[in-house]
1. With a cap of 14 neighbouring Cβ atoms within 10 Å, and only residues DSSP puts in a loop, list the trypsin sites (Lys or Arg not before Pro) found in the range 27-107.
2. Could you list the square roots of 5 times each eigenvalue of the Cα gyration tensor of the range 2-126, that is, the equivalent ellipsoid semi-axes, sorted largest first and rounded to whole Å?
3. Which shape class, rounded, prolate or oblate, goes with the chain when its Cα gyration tensor gives a ≥ b ≥ c as root eigenvalues, a/c under 1.5 marks rounded, and past that a/b bigger than b/c marks prolate?
4. Which residue fluctuates the most in the chain, going by a Gaussian network model with Cα springs under 10 Å, if the choices are Tyr110, Tyr227, Tyr165?
5. Between Ile234 and Glu74, what is 0.36 nm times their sequence separation minus the Cα-Cα distance? Round to one decimal in nm.
6. For the chain, please report how many Lys pairs fall under 25 Å Cα to Cα, leaving out neighbours fewer than 8 apart on the same chain.
7. Which one, Asn99, Phe144, Pro157, is farthest towards the positive end of the dipole of the chain when Lys and Arg carry +1 and Asp and Glu -1 on their Cβ?
8. Under 8 Å for C-alpha pairs, at least 6 residues apart: give me the relative contact order for the range 1-131, rounded to a whole percent.
Amino acid sequence: MRIAVLDDEPLELSRIRETLLSALPADGQPPHLYMFSDSSTLMRQLKRETFDLLILDWQVPQISGFQVLEWAHEHLSPPPAVIMLTAHNAESDTVQALNAGASDYICKPYRPAEFIARVRNVLRHRLPNNSESPKHLAFGRIVFDIAEASLFLDGRPVSLTPREYQLALLLFKNQERPLSRQYLYEHLWPREKEFVSRSLDTHVYRLRSKLQLTAEYGWTLSTIYGYGYRLSSIESLAHELPET
């Protein structure tokens, strides 16, 4: 889980960080937190990295948190979930943020327990990878047996390494969503300090072959230059084409 927090007050950033690390998530794995004190730096990072959640202070100098929210919904497809965490407590501000695409709106000073509950609620609704996953997940010819950590293609088991299985499950749960290399790396190699790009590329290459993730079989596992990878179904891509 990757969370970006924007606030121009260092003490507030530190407090938010401590609150999130002390209580998220329920499975004991701490989230990857990225703290930003200015919007420009965050927006540059959003162009090349995947985040599951943005927590934005509205009143940030130069580019406000609300403007970051609008920018994310205009330029990122799909945009990450956004929680506005701000001293703006007027009803009109709340309505404006929610109408612009915010998933929730929390006024400062926040109560830690309520803050965590709201964050968990947003992530539960937005993240496909959660503790409520069914025992089996089916994607056409491909079926995941979650309990056994195994995968079947046309009813036959596919021999995958544990990391190949994890990558496949992550890609299928995030169909149509661009996933940055760093995002994939942090999920697949969480204990390794240095990222070896060739290892990720090799795993993607093997999955394309083993799971037949090609246009002939209804899938595209595409490389996004300078960013990462995206798994899409041919059917969903066809729906995106404009009518002629």
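1. Lys47, Arg48
2. Each semi-axis is the square root of five times an eigenvalue, giving 19, 17, 15 Å.
3. On the way: a/c = 1.99, a/b = 1.70, b/c = 1.17.
Prolate, because a/c is 1.5 or more and a/b exceeds b/c.
4. Of Tyr110, Tyr227, Tyr165, the most mobile in the Gaussian network model is Tyr110.
5. 55.2 nm
6. Taking the chain as the scope, the lysine pair count is 5.
7. Farthest towards the positive pole: Pro157.
8. 23 percent
Rule-based calculations on the coordinates, nothing more; no lab input. Note that the structure is a prediction, hence the values are computed from the model and not measured. Heads up, the Cβs are rebuilt from the backbone with ideal geometry, glycines too, and the neighbour counts pull from every protein chain shown.
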